[in-house]
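Here's the structure we're looking at; comments come further down.
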Amino acid sequence: MIDIKKYLTTNFIGKNIEYYDTIESTNIKAKEIAGSSDEGTVVIAEEQTMGRGRLGRNWTSPKGKGLWFSIVLKPNINVDKVSKITLIGAAAVHKALKKLGIIPQIKWPNDIVIGGKKVCGILTEMVLQDENSYFVIMGIGINANLSEEDFPEELKDKATSLKIVKRAEIDRNKLLACVLNNFEELYVPFKENDDILEVIKISRENSILLNKEVRIIKGNIERTGKAIDIDSEGQLIVEYKDGKIEAILSGEVSVRGMEGYVDS
Ligand code: BT5
């Protein structure tokens, strides 16, 4: 059972919670209810039967073991700024894990990784409301209390959980509240003043990509270069072999040839 009220210090994130035992995907449900829900409404489920990653991938979401949730956001921002919300989510999760005594790494833009294995993924989607406005749904999956046997075979050497890392059961209520508290603190300056200074600092300082060789995959075009920075807009700056520099706003980025890190 998820009950976080006593740990929440937010003004609007998590004030309304829709809690499900089993659901297809919290992102799908959040999209359905976005129009009739207040900003900050959180949809959470004990289990997802069709948990989703980016580009139609699956997200393994076994019952009672993780934190599978989505937040309804209504920022009044241009479409090109939406990808920053994923970085805000990653920074909020990073801060919460640090409080648990874990120092994870962030794989720009949407993964949190511990010891080379993925522990959290973020899927940010937009829902068109009318011609000029849309809502944003940010879904976060955190592997809290999964054991080795809860992961399907193909994820066993790519994924981990907080329980595996800490060798102890995690208090999901405290962790979720902490993520939501951190998220609101980082989201409000962004929403009001387009300020993501702290988010960028966290992204840079904990990046698993910076100064590493990366493979940039866009559709079926693939290029290799070195990740040299995350700029103040949250873009990944990549220097290609031919010396050309590109700022990548979002998209598919794979890490190549890094010891101990298995790409997902
Ligand atoms: C993501 O996609 O990492 C975004 C995951 C978002 C999940 C949340 S849960 C709540 C909300 N509701 C949803 O339906 N989704 C969101 P991507 O970067 O495309 O990574 C997907 C890949 O991660 C898969 O192809 C697997 O290789 C791997 N994967 C799947 N389940 C995993 C898990 N539980 N832990 C670690 N890796 C996993």
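Hull surface divided by four, with the convex hull built on the Cα atoms of segment 54-201: how many nm²? If you wrap the Cα atoms of segment 54-201 in a convex hull and average its projections, you get 9.1 nm².
Between 227, 168, 45, the residue with the greatest mean-square fluctuation in the GNM of the chain (Cα pairs under 10 Å linked by springs) is 168. Take the Cα of residue 242, step 7 Å toward its Cβ, do the same at residue 222, and the gap between the two points is 1.9 nm. With Rh defined as the Kirkwood radius, the inverse of the mean 1/r over Cα pairs, the Rg/Rh of segment 91-155 is 1.10.
A simple rule links phi to the HN-Hα coupling: the Karplus curve 6.51 cos²θ - 1.76 cosθ + 1.60 with θ = phi - 60°, which for segment 124-141 gives 9, 10, 10, 10, 6, 8, 8, 3, 10, 9, 8, 10, 10, 10, 10, x, 10, x Hz, with x for Gly and Pro. Expressed as a whole percent, the accessible surface of the chain that belongs to carbon and sulfur atoms is 47, based on a 1.4 Å probe.
If you take the alpha carbon atoms of segment 1-127 and fit the smallest convex hull around them, that volume is 122 Å³ per residue. Per-residue ellipticity at 222 nm, computed for the chain from helices alone with -39500 (n - 2.57) per DSSP H run of at least four residues, works out to -7000 deg cm²/dmol. Accessible area per residue for the chain is 46 Å², calculated with a 1.4 Å probe on protein heavy atoms, without ligands, DNA or RNA. Within the chain, helices built from complete DSSP H runs that reach 15 Å or longer along their own axis (Cα positions) and carry a mean Kyte-Doolittle hydropathy of -1.0 or higher are 83-99, 172-193.
Against the empirical curve 2.2 N^0.38 Å, the C-alpha radius of gyration of the chain lands at a ratio of 0.96.
Would you mind pulling out the separation of the Cα centroids of segment 213-228 and segment 41-119, in Å? Taking the Cα centre of segment 41-119 as reference, the centre of segment 213-228 is 23 Å away. Among the listed pairs 29/156; 5/201; 117/174; 107/174; 5/107; 5/95, a Cα-Cα separation exceeding 26 Å is found for 29/156; 5/201; 5/107. In terms of Cα atoms, the Rg and Dmax of segment 74-126 work out to 12.2, 37 Å.
Protection proxy ranking of 32-40, 237-245, by the mean of other Cβ atoms within 10 Å over each peptide's residues and highest first, is 32-40, 237-245. Checking the a/c ratio against 1.5 first, then a/b against b/c, what shape does the Cα gyration tensor give for segment 115-237? Here segment 115-237 falls in the oblate category. In this Cβ point-charge picture (+1 for Lys and Arg, -1 for Asp and Glu), the chain has a dipole of about 660 debye about its Cα centre. Evaluating 6.51 cos²θ - 1.76 cosθ + 1.60 at θ = phi - 60° for every residue in segment 42-54, the Karplus couplings come out as 10, 9, 9, 9, 5, 8, 10, 8, 9, x, 10, x, 6 Hz, glycine and proline recorded as x.
Here residue 156 and residue 55 are evaluated by their C-beta separation; at R0 = 35 Å the FRET efficiency comes out at 0.95.
The values are calculated or read from the model by the stated rules, or taken from the named source; none is laboratory data. Computed from a predicted model, the values in this text were never measured in an experiment. Here Cβ is always computed from backbone atoms with ideal geometry, including for glycine, and neighbour counts include all displayed protein chains. When the accessible area is computed, the model is the full protein with side chains, heavy atoms only, and any ligands, DNA or RNA have been set aside. Shrake-Rupley method; radii C 1.70, N 1.55, O 1.52, S 1.80 Å.
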